[in-house]
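Below: the structure, in structure tokens.
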Amino acid sequence: MWSIEDSQMMSLAIELAQKGMYTTRPNPSVGSVIVKDGEIVGEGYHIRAGGPHAEVYALNMAGSDAKGATAYVTLEPCSHYGRTPPCAKALIEHGVSRVVIAVTDPNPEVSGRGIAMLRDAGIRVDVGLMTEEAKQVNLGFLKRMEKGLPWVTVKLAASLDGKTALSNGVSKWITGPEARRDVQRLRARHCALVTGVETILADDPSLNVRHSELGSLASQLAPAEIHQPLRVVLDSQARLGHELNLFKIDSPILLVSTQAYPESVQAAWPPHVQSQVLAAVDSRIDLNALLSLLGESCNSVLVEAGATLAGAFVNQGLADEIVLYQAMKILGSQGRNLLTLDDFQAMSEVPKINLIDERKVGPDTRLTLRVSN
Ligand code: AOF
Ligand code: ZN
């Protein structure tokens with residue numbers, strides 16, 4: 001069904017889509033290539049929400065050459081009047097004769113209507129080329145559209161013997177500067193960061209994305225293009241005060257607790273700090289309720305927390321992905337454990353984890369793992 005040219009062009013469209021990974025949210029990252037008589041006459045990708053969709057860039061580049069051409073799109077062209085007019089309509093008006101789609105759009109505003117609109121206009125539509133590869137670019141968007149929940153990545157750093165700190169709590173630094181820059185890039189592509197009050201009290205982190213620490217990404221992403229993630233702190237007993245490094249950075253913060261903060265504490269917060277009371281389960285914040293709340297606006301969240309909170313996400317089957325930075329160090333059997341988990345009695349009970357990617361980051365190894373829940 002698919003020719004070599006089809007696969008080559010869709011690969012290129014997926015590469016284009018990846019360029020939007022840091023900037024399109026909450027929209028998906030989409031790429032498009034337009035081909036006429038074996039030649040690429042147009043290409044483009046979605047850059048930011050509210051701006052033109054991928055197909056519009058590609059059609060504008062192709063101009064009249066789009067007539068009779070094939071358009072490759074990583075996501076079903078939209079059929080709705082959102083912030084921009086429907087891309088399916090633009091493809092029809094430009095006289096494209098064939099559209100090849102990798103993934104159908106689960107957004108209820110679209111979900112098959114883009115394909116129907118094109119077919120009704122007599123355009124040949126082929127769906128399902130490189131679907132799995134294209135899905136990888138939009139795991140968060142697809143999960144939120146299908147389940148109303150964000151994709152959850154849990155970031156961990158550990159020694160060879162699986163420890164995150166010495167027994168006295170010293171953890172600076174297990175991994176090298178390259179891994180820490182890699183974490184900055186990881187933060188930059190997530191919509192929200194989730195941490196616990198213990199981490200805030202122990203480390204007083206800023207939890208922001210710093211352009212100067214983006215390493216190889218810094219040249220592609222101007223400081224003004226960085227989307228600072230929403231910083232979410234789980235503070236079930238509402239213990240946090242206001243003298244925190246977190247508050248000094250003027251980007252949104254959400255403090256989540258199971259009881260309201262005293263008025264006097266709230267009055268001292270800068271305007272970028274909001275709070276939300278959520279239900280408790282065993283006197284801890286209900287993580288399902290948290291994810292439903294974040295899923296209203298966020299495609300993906302990064303959990304950067306200690307063993308208890310990170311362990312709770314894994315224990316409750318809420319972690320989709322684990323990014324583990326492993327340092328070539330041995331911290332000793334009294335060191336702090338990676339995750340606090342329930343005890344397992346059989347191998348069939350342990351979490352099922354698949355290695356997706358493994359690479360060297362400076363002296364450390366980064367493992368990207370998918371958890372099948
Ligand atoms: C496409 N091509 O490049 C993108 C699409 O807010 P709007 O008006 O930009 O609409 C966003 C929705 O459009 C988004 O949720 C998704 O369903 C679709 N995104 N569609 O054909 C694109 N970014
Ligand atoms: Zn569109």
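What the table below lists for this structure:
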read-out	value
Potential lengthening between Glu213 and Asn315 on full extension [0.36 nm per residue; Cα-Cα distance subtracted]	33.5 nm
GluC sites (Glu not before Pro) lying in DSSP loop within region 235-304, provided at most 15 other Cβ fall within 10 Å	Glu243, Glu296
DSSP loop chymotrypsin sites (Phe, Trp or Tyr not before Pro) with at most 10 other Cβ within 10 Å: longest gap in the chain	82-343
Count, lysine Cα pairs under 23 Å in region 4-137, 8 or more residues apart or across chains	4
Linear extension gain, Ser97 paired with Glu198, 0.36 nm per residue minus alpha-carbon span	30.5 nm
Rounded FRET efficiency, nearest 0.05, which uses the C-beta distance separating Gln345 from Glu225 and R0 of 41 Å	0.25
Cross-link reach list, aspartates and glutamates versus Lys360, counting only Cα pairs under 14 Å and skipping chain neighbours closer than eight places	Glu178, Asp182
Amide N of region 10-28 lying under 13 Å from the label point, which is placed 7 angstrom from the Cα of Glu133 along Cα→Cβ	10-18
Residues of region 190-234 with amide N under 20 Å of a point placed 7 Å along Cα→Cβ from Val170	202-204
Computed FRET value (nearest 0.05) for Thr308 with Glu39, which takes r as the C-beta separation and R₀ as 35 Å	0.05
Percentage relative contact order, region 72-206, counting C-alpha pairs under 8 Å, at least six apart	17
Choice from Gln345, Gln136, Gln184 with maximal GNM fluctuation in the chain (Cα, 10 Å cutoff)	Gln345
Relative contact order %, region 148-372, counting alpha carbon pairs below 8 Å whose residues are six or more apart	33
Candidates Leu201, Leu324, Leu230, ranked by Gaussian network fluctuation over the chain, Cα under 10 Å, top entry	Leu201
Set of lysines with alpha-carbon distance to Lys248 below 30 Å, sequence-local pairs under 8 removed	Lys155, Lys172
Net lengthening on full extension, Asp120/Asp161 (0.36 nm per residue, minus Cα-Cα)	8.8 nm
Two-site label geometry, Ser292 and Gln276: point separation in nm, points 7 Å out along Cα→Cβ	1.2
Bins of 5 Å, starting at 0 and running to the largest distance - Cα pair percent for region 148-372	1, 6, 13, 18, 20, 18, 13, 7, 3, 1, 0
Share antiparallel - DSSP beta bridges, the chain, percent rounded to 5	45
Fluctuation leader among Glu109, Glu39, Glu321 - the chain, Gaussian network, Cα springs under 10 angstrom	Glu39
Region 4-137 - convex hull of the alpha-carbon atoms, volume per residue in Å³	87
Gap separating the Cα centres of region 6-65 and region 319-373, nearest whole Å	36
Cβ-Cβ FRET estimate between Arg239 and Glu15, R0 fixed at 45 Å, reported to 0.05	0.45
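A short reminder: the numbers here are calculations on the coordinates, not readings from a lab. Please read these numbers as outputs of a predicted model, since none were measured by experiment. Glycine also receives a Cβ, built like all others from the backbone with ideal geometry; neighbour counts cover every protein chain displayed.
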